[in-house]
1. What helices (runs of 4 or more DSSP H) completely inside the stretch B:70-172 contain at least 2 residues that are modelled with pLDDT under 90 and under 22 Å from the mean Cα position of the chain (by Cα)?
2. From the residues in the stretch A:46-57 that are without any contact (Cβ under 8 Å) to a residue 12 or more places away in the chain and touching an Asp or Glu at 6+ places or on another chain (Cβ under 9 Å), which one is farthest from residue A:16 (Cα to Cα)?
3. Looking at the stretch B:1-20, which of the residues that are modelled with pLDDT of 85 or more and not in a helix (DSSP H, G or I) is surrounded by the fewest Cβ atoms within 10 Å (Cβ to Cβ)?
4. Looking only at the stretch A:174-192, filter to residues that are closer than 18 Å to residue B:56 by Cβ and not aromatic (Phe, Trp, Tyr); which one of those is farthest from the other protein chains (Cβ to nearest Cβ)?
5. Taking the stretch B:60-85 as the search range and keeping residues that are at the interface with another protein chain (Cβ under 8 Å from one of its Cβ atoms) and touching a Phe, Trp or Tyr at 6+ places or on another chain (Cβ under 8 Å), which one is nearest to residue B:16 (Cα to Cα)?
6. Please find, within the stretch B:154-174, the residue that is nearest to residue A:59 (Cα to Cα) out of those that are touching a residue at least 12 places away in the same chain (Cβ under 8 Å) and within 11 Å of chain A (Cβ to nearest Cβ).
7. Quick check on this structure: which one of A:150, A:136, A:112 is over 21 Å from residue B:69 (Cβ atoms), surrounded by 12 or more Cβ atoms within 10 Å (Cβ to Cβ), modelled with pLDDT under 75 and of a type outside the set (Phe, Trp, Tyr)?
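The values are calculated or read from the model by the stated rules, or taken from the named source; none is laboratory data. If you're wondering where the values come from, they're calculated on a predicted model, not measured in any experiment. Ideal geometry is used to build each Cβ from the backbone, glycine not excepted, and the neighbour counts take in all protein chains shown.
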Amino acid sequence: MNFKENKIMNCKNKTECPSKENFIEYLEGKSSQDFIISFERHLENCELCKEALQGYKIAFLLDKNLDTPKFLKHKKKILNTNYFIKWAAVFTLLLGLIFVLNNYKKISKQHAKSTKTLLHKTNVNYWYIGKNKKIALNDTFIKSDDFKKALDYNNNKKQIVFQVESTDLKQVESILQKMKSKNDIPIYTFSKRSMF
Amino acid sequence: MTIFLDKSKAYREKSDEELLFFYKKKKDTEIIGVFYERYHHLVFGVCLKYFKNTNEANEALFDIYSSLYESLKKYDVKDFKKWILTVARNHCLSELKRKSKETEFNPYSKNSPKYFMESDEEISLKIATEQKIDALQLALKKLKSEQKQCIELFFLEDKTYAEIVEITAFELKKVKSYIQNGKRNLQNLLNNEF
C-alpha cells in the first residue's frame with residue numbers, strides 16, 4: 001500500500017510525499033496501523049522525507065511544551081474545526097475587516113505610536129514587506145519614490161529586523177541585497193507566513 | 001487574476017520532471033512557487049535537523065528557495081527531490097561553517113556593545129537548549145522502563161515504529177501507547193521541574 005492507494009498523499013499537489021498533516025498524524029502516533037505502515041514504507045524510499053522527519057523529531061524534543069512543532073500543528077487545528085465554527089470565524093473576520101477598514105487611519109496611528117516607543121527602546125529599524133508587496137519602515141508605509149531615501153535612513157547604524165510576508169521572493173531578495181550593500185550591521189529576517 | 005490561478009492550477013497537475021522541463025523552457029517563476037508548495041515543509045524539516053531552531057531554519061528555507069530561480073536554470077536537474085535535499089544539506093552545512101567562523105574571528109572589538117549583545121543572545125540560546133536537554137535526560141530516567149525505551153528509540157535514535165516493534169518485541173499498538181503516554185509524562189515532569 002502506498003500513499004496514493006491509501007488516499008493520504010499530498011492531494012493538493014502531484015507528489016507522493018506526505019503532507020504536513022500526514023507528518024503530524026505520524027508524530028502524534030494517533031493514526032491507524034495501515035497509515036503508519038504506508039508512511040514508513042514511503043520513508044524507506046525517500047531520503048528527503050526521512051531527513052525532514054529527523055528534523056521534526058529534534059524540534060519536538062526542543063519544544064518548550066514537548067508538543068508537535070507548532071508550524072506543523074497550526075493547520076491541523078484549522079482542518080479539524082467543524083464547518084459551523086469555520087464559517088462563524090469567517091463571518092467574524094469579515095466583520096472585523098469592515099471595522100478595521102472603517103477605522104484604518106485611527107488604528108494605524110495608535111499602532112505606530114506604540115511600536116515606535118518600543119523601537120526606540122530596542123534600537124532597531126523594523127522593515128516590513130506585506131503580502132500585497134507594500135513596504136513599511138517602522139510602521140510607516142513607504143511610497144516607491146521614497147524607497148531609496150528610506151534605504152539611506154539608517155544613519156544611526158541600528159540593527160535591522162526584516163519581516164517578510166510577501167511571496168514575491170525576487171522582490172524581497174533584491175531589497176535584502178540593497179540593504180546588505182548599504183549596511184554592515186546584522187539584518188534579522190523572519191516571517192509569519194503559514195508555511196510552517 | 002483568473003489566468004494567473006489557471007496557470008498555477010495547471011502547474012500543480014504536473015509532475016516534478018514536467019515542471020523542471022517547463023522551467024528550463026519558459027523560466028516561469030510560478031513553477032518555483034509550485035515546488036515551494038510541494039516540498040517546503042520537507043526542506044524546512046531538513047533545515048531544522050541542522051540548525052535545531054525554527055528561526056534559522058526559516059531563514060535557510062527562504063535562502064534555498066530564493067537560489068532556485070538561478071540554479072534551476074544553470075543545472076540539468078533530473079530528480080528534484082534528490083537535488084533539493086543536496087542543496088538544502090550543502091546550504092545548511094556551509095551556513096553552520098560560516099557562523100562558527102564568525103564566532104571564532106569576530107571582526108568587532110570586544111569593547112563594542114554590539115559584540116556583547118550578539119554573544120549574549122547566542123549564549124543564552126545555547127544555555128537554554130543545553131538546560132532543556134539536561135532536564136529531558138533527567139525526566140527520561142523517571143519514566144517507566146517501556147516508555148523510556150520507546151521514547152529514546154523513536155526520538156533520540158530516530159527509529160521508526162516498525163523498527164521499535166522489531167527491537168522491543170512489543171506490539172505496534174503498545175509502542176504507540178508507550179510513546180504517547182511517555183510524551184505526556186515527560187511533559188508533566190518537565191513542567192514540575194521549571
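1. B:80-104, B:113-141
2. Out of the qualifying residues, it is A:54.
3. Checking each candidate, the answer is B:15.
4. A:180
5. B:81
6. By that ranking, first place goes to B:154.
7. So the residue among A:150, A:136, A:112 that is over 21 Å from residue B:69 (Cβ atoms), surrounded by 12 or more Cβ atoms within 10 Å (Cβ to Cβ), modelled with pLDDT under 75 and of a type outside the set (Phe, Trp, Tyr) is A:112.
Here is a yes/no grid of residues against (1) away from chain B (no Cβ under 11 Å); (2) modelled with pLDDT of 65 or more; (3) within 20 Å of residue B:172 (Cα to Cα):
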position: A:1; (1), (2), (3): yes, no, yes
position: A:5; (1), (2), (3): yes, no, no
position: A:17; (1), (2), (3): no, yes, no
position: A:31; (1), (2), (3): no, yes, yes
position: A:40; (1), (2), (3): no, yes, yes
position: A:52; (1), (2), (3): no, yes, no
position: A:56; (1), (2), (3): no, yes, no
position: A:63; (1), (2), (3): no, yes, no
